[in-house]
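**Q** Submitted below is the structure of interest, expressed as structure tokens.
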Number of protein chains: 2
Amino acid sequence: MFKVLHKDNKTNARIGRLQTAHGVILTPFFMAVGTNATVKTLSVQDLLDAKVEIIVSNTYHVFVRPGLEIIQKAGGLHKFMSWPRPILTDSGGYQIFSLAMLRKVTEEGVKFQSHVDGNAHFFTPEDIISIQKKLKSDIIMPLDECVHYPCPRDYAEVATKRTTHWVKRSKTAYNQLNRKTKPKDRQLLFGIIQGATYKDLRKTSAEELVELDFDGYSIGGLSVGEPDDLLQEILSYTIDFIPENKPRYTMGVGTPDQIVRCVEQGVDMFDTCVPTRYGRNGTAFTSVGKITLTNARFTKDFSPIDKNCDCYACKNYSRAYLRHLCNAKEILGLKLVSYHNVYFYMKLMRDIRLAIKSNRFSEFKKDFLKKVESSK
Amino acid sequence: MFKVLHKDNKTNARIGRLQTAHGVILTPFFMAVGTNATVKTLSVQDLLDAKVEIIVSNTYHVFVRPGLEIIQKAGGLHKFMSWPRPILTDSGGYQIFSLAMLRKVTEEGVKFQSHVDGNAHFFTPEDIISIQKKLKSDIIMPLDECVHYPCPRDYAEVATKRTTHWVKRSKTAYNQLNRKTKPKDRQLLFGIIQGATYKDLRKTSAEELVELDFDGYSIGGLSVGEPDDLLQEILSYTIDFIPENKPRYTMGVGTPDQIVRCVEQGVDMFDTCVPTRYGRNGTAFTSVGKITLTNARFTKDFSPIDKNCDCYACKNYSRAYLRHLCNAKEILGLKLVSYHNVYFYMKLMRDIRLAIKSNRFSEFKKDFLKKVESSK
């Protein structure tokens, strides 16, 4: 399902092609986050206009609201939300451990209360696979336990072992459920490597999962509060255990500069709510760093967010107008800045792929980070 | 600037054409409300897609935020908000009396504190005309005092007299400011008839204003809490004092059934925040009455809001999905329902004009109200 098409000749950056049930996508790619079966503030048309190729949704979130039965009746998540392109569903492990009122974790699974209505649920790793089968997402994730930074060694060890155990069970459940699935409809199942900031745990986790031969590998537990350099160090160490011919996914990473750094290490897939969350706060990414539109210096600035951007917001609206909308808490402001930011991320990924293709990713990275740094 | 093109042969409904600095519009028309220089949740592209022809903005609101200087620097309200079609600006009288912390009303003008930052301001009727000149809106309104329902006779009398006095001063100020304005750039100045629910006050107000020969007449003080029948009675009484060759505007009216009833009486122009306000509450208008999408009966309803509607929301999303978005307080839900409602209003006005053109407005009204009534 995955093929590396080109490797940059100076770094580990690479271009690949990932085949999913809803179409082929070139890597490295960015997935816009649509937790509640919607990328916040954006319609499907907005996403298509922003050239979004794949989105991430969340098993836990859509399970507690609107509920699995409704999405099944709609014919799956794509049909429910009218999105024609690929969807990756996160298992929701992270959300169960951070958002739900967690009642009990056992080797068997997790018992929790929904953050929406307080109803009690129990999820096994097998349940999470079975739910995602019903959601009909293109890429699915096993239940995992993601720890925060810093995490004590003994707890990280328990959580990593449990994750590996759960991921193995997930693979077994997946194989049973998919015995009769046609190859073209097959969901891709990824393994999730945990291990916090402990290299030996990362190594064991990676090796055990690689043995099981997943469709791709996600490096979890990054972007959970650790310093940037540590993120890169753990990534650099862990990624070497993943076979070259498998897609690599750093879950929840990251800001534009983090993405550029991770691509250099050979990461193929990214997701983060940063563009839409920052957008709703009036912070916009530009080709020369980010700006906060509510800042007084934009009061009479009638230039676009980014003069190098050709998105709808930049072609039609000024910083002064967007600042006014954000100050007046007008929904249009939150939406236009979110839209611009998602467009910016998609453009960044296209630029990254072009740079890799022409073996000038090192220069691209240097230029990009210089611009971002100088604006800080 | 205004010409009646066709009169329905059974009712007072009529089709006209209104020429403004930003284009010609057929009457009867509906103006989407863009109080803060934005129609809530909708981009300019959304408004054009919904076939919106003219919007209303608000002098008081844009004066207190972002402030006149910024809009002037942008080149006027159209340029500030990137809206290419006509704009009517309300004087903001209603908002000053209802929203601002009102300090003092004298014959000279009103002293108030902004509801945004508490800053003190003093507006004379002349100021309001001069501000709107700088906003460069197409149709402008004089400062008025709009009373609520019910209003004691003595207070209504004072407010009506004051409004008439202010409107006269506005006309003088307008004439002075526009001595050198080219006809094609000329803003249209409307008179505002007040008088609460007292017919003699309505009569005096109307007669005194008609004498001054305004570009059009707004019947103010309707849709301020009075019963529907009383609205129609006061309108029916008042409209007869307005010359046939002038456009008539019921400010703040109304729901679809109120609009249909007012058109029958010969009203040409409407505005209300109903479509967007209802939209943000998850209430959608349909060809068979309104529905509240958060209602449990739509949980598994995969049909569109209105199967007779060809708007983007109806062509792409189900009631079940929109209900989910509204329940999850997702901005996309508020936007899609607002968009649908504005689209619905614009379609209603096109249908109304078609019915008048073919002299079947009575039948249209009967059918329309029957459908709406039966769904209540």
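The values are calculated or read from the model by the stated rules, or taken from the named source; none is laboratory data. This one's a predicted model, so the numbers in the text were calculated from it and none came from an experiment. Virtual Cβ from ideal backbone geometry, glycine too; neighbours counted across all protein chains shown. The area values use the complete protein model at the heavy-atom level, side chains included, leaving out ligands, DNA and RNA. Shrake-Rupley method; radii C 1.70, N 1.55, O 1.52, S 1.80 Å.
**Q** Any idea which of A:GLN132, A:GLN194, A:GLN113, A:GLN176 is more than 21 Å from A:GLY34 (Cα to Cα) and crowded, with 23+ Cβ neighbours inside 10 Å?
**A** Being more than 21 Å from A:GLY34 (Cα to Cα) and crowded, with 23+ Cβ neighbours inside 10 Å holds for just one of A:GLN132, A:GLN194, A:GLN113, A:GLN176, which is A:GLN194.
**Q** Quick check: is even one residue across segment A:147-159 closer than 29 Å to A:PRO66 by Cα and touching a residue at least 40 places away in the same chain (Cβ under 8 Å)?
**A** yes
**Q** Is it fair to say B:LYS365 is modelled with pLDDT under 95, farther than 19 Å from A:ALA74 by Cα, assigned to a helix (DSSP H, G or I) and within 26 Å of the chain's Cα centre (by Cα)?
**A** On the way: modelled with pLDDT under 95: no; farther than 19 Å from A:ALA74 by Cα: yes; assigned to a helix (DSSP H, G or I): yes; within 26 Å of the chain's Cα centre (by Cα): yes.
Here the answer is no, as B:LYS365 does not meet what is asked.
**Q** Could you say which residue among B:THR204, B:THR197 is in a loop (DSSP other than H, G, I, E, B) and of a type in the set (Ser, Thr, Tyr)? It would help to see each step written out before you state the result.
**A** Values: B:THR204 fails: in a loop (DSSP other than H, G, I, E, B).
One residue alone meets the criteria, B:THR197.
**Q** Would you confirm, using the coordinates I've provided, whether B:THR41 is of a type in the set (Ser, Thr, Tyr) and in contact with a strand residue (DSSP E or B) (Cβ under 7 Å, 6 or more places away or on another chain)?
**A** no
**Q** Taking the criterion of being among the basic types (Lys, Arg) and within 14 Å of another protein chain (Cβ to nearest Cβ), would at least one residue in segment B:11-26 satisfy it?
**A** Within segment B:11-26, not a single residue is among the basic types (Lys, Arg) and within 14 Å of another protein chain (Cβ to nearest Cβ).
**Q** So is A:GLY191 touching a helix residue (DSSP H, G or I) at 6+ places or on another chain (Cβ under 9 Å), part of a strand (DSSP E or B), within 24 Å of A:THR250 (Cβ to Cβ) and not aromatic (Phe, Trp, Tyr) or not? Let's see the steps before the verdict.
**A** Numbers: touching a helix residue (DSSP H, G or I) at 6+ places or on another chain (Cβ under 9 Å): yes; part of a strand (DSSP E or B): yes; within 24 Å of A:THR250 (Cβ to Cβ): yes; not aromatic (Phe, Trp, Tyr): yes.
When the stated conditions are applied, A:GLY191 passes them.
**Q** Moving to a separate point now. When you scan segment B:30-49, do you find a residue that is within 8 Å of another protein chain (Cβ to nearest Cβ), open to solvent by less than 10 Å² (accessible area, probe 1.4 Å), without any contact (Cβ under 8 Å) to a residue 40 or more places away in the chain and over 18 Å from B:SER218 (Cβ atoms), even just one?
**A** Looking for residues that are within 8 Å of another protein chain (Cβ to nearest Cβ), open to solvent by less than 10 Å² (accessible area, probe 1.4 Å), without any contact (Cβ under 8 Å) to a residue 40 or more places away in the chain and over 18 Å from B:SER218 (Cβ atoms), one finds at least one in segment B:30-49, hence yes.
**Q** Another question about this same structure. Using the structure shown, decide if B:HIS61 is at pLDDT 95 or above, open to solvent by less than 50 Å² (accessible area, probe 1.4 Å) and touching a Gly at 6+ places or on another chain (Cβ under 8 Å).
**A** Answer is yes for this residue.
**Q** Related question: Which one is farthest from B:GLN19 (Cα to Cα) among residues in segment B:145-171 that are in a loop (DSSP other than H, G, I, E, B) and open to solvent by 10 Å² or more (accessible area, probe 1.4 Å)?
**A** Checking each candidate, the answer is B:PRO152.
**Q** Only residues in segment B:67-82 that are more than 9 Å from chain A (Cβ to nearest Cβ) and on the phi > 0 side of the Ramachandran plot count as the first member; pair them with residues that are open to solvent by less than 30 Å² (accessible area, probe 1.4 Å) and modelled with pLDDT of 95 or more, Cβ under 7 angstrom, at least 6 apart or cross-chain, and list the lot.
**A** B:GLY76/B:LEU135
**Q** When you scan segment A:64-117, how many residues do you find that are of a type in the set (Phe, Trp, Tyr) and either modelled with pLDDT under 95 or within 17 Å of A:PRO142 (Cα to Cα) (or both)?
**A** 3
**Q** Further question: Can A:GLU330 be described as among the charged types (D, E, K, R), buried (at least 19 other Cβ atoms within 10 Å of the Cβ) and more than 14 Å from chain B (Cβ to nearest Cβ)?
**A** It is false that A:GLU330 is among the charged types (D, E, K, R), buried (at least 19 other Cβ atoms within 10 Å of the Cβ) and more than 14 Å from chain B (Cβ to nearest Cβ).
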